[in-house]
Amino acid sequence: MFHAKRRTFLSIVASTGLALSLAACGGGGDTAQAGSGGDGGDGAIRVGYSQLGAESGWRTANTESVQQNLTADNGFDLTFVDAQQKQENQIKALRDFVAQDVDVIAFSPVVETGWDDVLQEIKDAGIPVVLVDRTVDTTVEDPYVTHIGSDFKAEGTKAGDWVEENAPDAKIFELQGTLGSGAQVDREEGFDGVVGSQVIGKASGNFTRAEGRTATEAALQAYPDMTMIFTHNDDMGLGAVEAIEAAGKKPGTDIQIVSVDAVRDGLQALVDKKFNYVVECNPAFGDQLAELIKKVHDGEDVPKETVVEETAFDQTITQAEVDARPY
Ligand code: GZL
């Protein structure tokens with residue numbers, strides 16, 4: 001397709017430094033675009049970004065980081081679309097980006113599967129994909145240029161290691177994220193790989209506080225002997241705190257809580273002794289994402305995978321440390 005040839009041509013031109021000479025020679029309709037690497041106008045990189053939703057404190061922080069870095073001043077023309085956690089909304093946004101012939105598509109897939117058709121359409125259009133945060137499971141060959149995000153399995157393993165060390169007799173209810181999402185699948189695999197024999201029940205809270213509370217209310221009835229909840233994110237864990245307290249029990253004591261994300265509200269629960277251990281999942285990688293997109297657009301080599309750096313926190317964390325957190 002012309003688009004594919006044009007885009008391939010431009011990326012070769014840009015990456016071999018021919019753009020300037022073509023611009024000087026006035027080599028045809030695309031020369032300006034070759035020189036500017038964008039829509040021929042202000043030279044900004046036109047990015048279509050499909051964000052999966054606004055379901056959690058982590059997602060809010062991630063959206064802020066992306067929007068604070070993919071700015072006009074930083075050389076971007078960003079179209080940012082929130083899918084409200086609906087895959088069909090993401091697929092529509094991705095198709096719109098193809099129709100708009102953006103320079104780069106970036107998205108965080110709400111679940112791992114169901115992307116084959118649209119990823120093939122994007123590939124046929126010759127538009128490079130930068131995968132952000134979540135992961136995809138697709139039959140499309142080489143569907144994206146690069147992925148930036150966390151190692152979710154390592155996060156689950158880190159949580160399991162703490163439980164193995166500090167609560168080897170715990171009877172654990174696993175409060176899972178959106179079923180079929182990379183974060184849910186891999187955190188479950190990592191955690192259960194260490195202490196799966198201690199898990200007495202599982203249910204999804206879809207990464208939201210409200211659904212985390214509802215799932216925990218049911219679990220407290222179904223598993224009255226639970227002594228711990230492993231929650232795949234802080235928001236569901238905070239919903240679990242509400243359910244545990246409504247049941248007349250003490251979160252962090254009667255029922256310990258191990259969580260993932262380390263947004264400020266989650267760390268505050270740690271200071272308040274309602275959470276017991278929190279594995280960090282860093283959402284603030286918008287600066288790294290911006291640099292990756294620039295390199296992809298300019299046809300420069302990029303790593304297939306960029307894993308963001310993360311740590312973990314226990315109840316030794318101080319209020320001052322929590323107050324100093326950026327999100
Ligand atoms: C993890 C991210 C997860 C967070 C949740 O990178 O995809 O989605 O852990 C968010 O808070 O909903």
Requested in this report: Please list, ordered by first then second residue, the pairs with beta carbon atoms under 6 Å, 6 or more apart or interchain, first in the range 220-238 and free of Cβ contacts under 8 Å to residues at least 40 places away in the same chain and at negative phi, second in a loop (DSSP other than H, G, I, E, B) and open to solvent by 50 Å² or more (accessible area, probe 1.4 Å).
Outcome: LEU220/ALA247
Query raised in the report: Residues in the range 138-151 that are within 15 Å of the ligand (Cβ to nearest atom) and without any contact (Cβ under 8 Å) to a residue 60 or more places away in the chain: how many?
Result: 0
Query raised in the report: When you go through ALA262, ALA290 one by one, which is the residue that is outside the structural domain of ARG187 (by TED's automatic domain parsing) and surrounded by 19 or more Cβ atoms within 10 Å (Cβ to Cβ)?
Result: ALA290
Report summary line: Of GLY180, GLY190, the only residue that is within 16 Å of the ligand (Cβ to nearest atom), outside any helix (DSSP H, G or I), outside the structural domain of GLU291 (by TED's automatic domain parsing) and touching an Asp or Glu at 6+ places or on another chain (Cβ under 9 Å) is GLY180
Report summary line: Here the residues within the range 88-102 that are on the phi < 0 side of the Ramachandran plot and either in contact with a helix residue (DSSP H, G or I) (Cβ under 8 Å, 6 or more places away or on another chain) or buried (at least 17 other Cβ atoms within 10 Å of the Cβ) (or both) are ASN89, GLN90, ILE91, ALA93, LEU94, ARG95, PHE97, VAL98, VAL102
Query raised in the report: Given the structure, is ASP261 away from the ligand (no atom under 16 Å from the Cβ) and under 19 Å from VAL163 (Cα atoms)?
Result: no
Query raised in the report: Taking the range 118-133, which residues are within 16 Å of the ligand (Cβ to nearest atom) and part of a loop (DSSP other than H, G, I, E, B)?
Result: ASP133
Requested in this report: Search the range 134-172 for residues being of a type outside the set (Asp, Glu), part of a loop (DSSP other than H, G, I, E, B) and open to solvent by 60 Å² or more (accessible area, probe 1.4 Å), and hand back the single one that is farthest from ILE122 (Cα to Cα).
Outcome: PRO168
Query raised in the report: Out of ALA218, ALA210, which single residue is within 14 Å of the ligand (Cβ to nearest atom), more than 22 Å from ALA312 (Cα to Cα) and not assigned by TED's automatic domain parsing to the domain that holds ASP133?
Result: ALA210
**Report entry** Single unsatisfied condition, GLU112 versus (1) open to solvent by less than 30 Å² (accessible area, probe 1.4 Å); (2) under 23 Å from GLU55 (Cβ atoms)
**Finding:** (1)
Query raised in the report: With respect to the numbered conditions (1) assigned by TED's automatic domain parsing to the domain that holds ASP235; (2) under 21 Å from SER56 (Cα atoms); (3) of a type in the set (S, T, N, Q); (4) in contact with a helix residue (DSSP H, G or I) (Cβ under 8 Å, 6 or more places away or on another chain), which one is the sole condition not fulfilled by THR135?
Result: (1)
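The values are calculated or read from the model by the stated rules, or taken from the named source; none is laboratory data. This one's a predicted model, so the numbers in the text were calculated from it and none came from an experiment. Neighbour counts run over all protein chains shown; Cβ positions are idealised from the backbone, glycine included. Surface accessibility is based on the protein's heavy atoms, side chains included, excluding ligands, DNA and RNA. Shrake-Rupley method; radii C 1.70, N 1.55, O 1.52, S 1.80 Å.
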